[in-house]
Amino acid sequence: MTYHIKRPNYMCKKCAVIYIPFNKDIACPNCGNQADTEEHFDFIIDIANSMKAHKIRYGSFMPPAFFCDGSLAANIQSSCLKIFDKFEAAKPKDEKGWLSKAVVEKIEFSEEYKYLIKHITDIIFSIYGLYKKQNKFAPSKLKRWLSEELKKLLPYLP
């Protein structure tokens, strides 16, 4: 089963573009208006958790079948999964440079959504920070952790 992030599109109250206010300091990437919501603040953690779950289950961040419901959150999640799979395959020396380039080269932006390029790059770099901090979301460690957590639940199962 795939891990889908369900979030409604957040619309800037000033200029009416959609974006993901993924931390408390995020401003609209189009007009700079400060977001007034806490609705999406866990977005980076959600993507990281989906990456970990997919890596354990499927061996890659992008599962074999992944449906995008048309929301910005689902499209960004899908793009992140694909980019990090390609990132791991490429093993670039300049990791941050590669990731910056990947956003522009691997995601198609129509004119009306070009304002999202830096925004999505910031999301990618936030995920990259967790990726590096958590040992590349290493599946072997995650499997051990999951196994220990499941053992704790065994006495409660019928």
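Read-outs: derived from the displayed coordinates by stated rules, not from any lab. Since the structure is predicted, the reported quantities are computational estimates derived from the model, not experimental observations. Here the Cβ is made from the backbone with ideal geometry for all residues, glycine too, and neighbour counts use every protein chain on show.
Take I107 and tell me if it is in contact (Cβ under 8 Å) with a residue 40 or more places away in the chain and β-branched (V, I, T).
no
Look at G70 and say whether it is surrounded by fewer than 16 Cβ atoms within 10 Å (Cβ to Cβ) and in a helix (DSSP H, G or I).
no
Check A27 against each of (1) free of Cβ contacts under 8 Å to residues at least 40 places away in the same chain; (2) closer than 22 Å to K106 by Cα; (3) more than 17 Å from the chain's Cα centre (by Cα) and name the one condition it does not meet.
Status for A27: all satisfied but (2).
If A53 satisfies all but one of (1) among the small types (G, A, S); (2) touching a residue at least 24 places away in the same chain (Cβ under 8 Å); (3) assigned to a loop (DSSP other than H, G, I, E, B), what's the number of the condition it fails?
All conditions are met except number (3).
If I filter segment 11-24 down to residues being in contact (Cβ under 8 Å) with a residue 40 or more places away in the chain and under 16 Å from the mean Cα position of the chain (by Cα), which single residue comes out as surrounded by the fewest Cβ atoms within 10 Å (Cβ to Cβ)?
Once the filter is applied, the top-ranked residue is N23.
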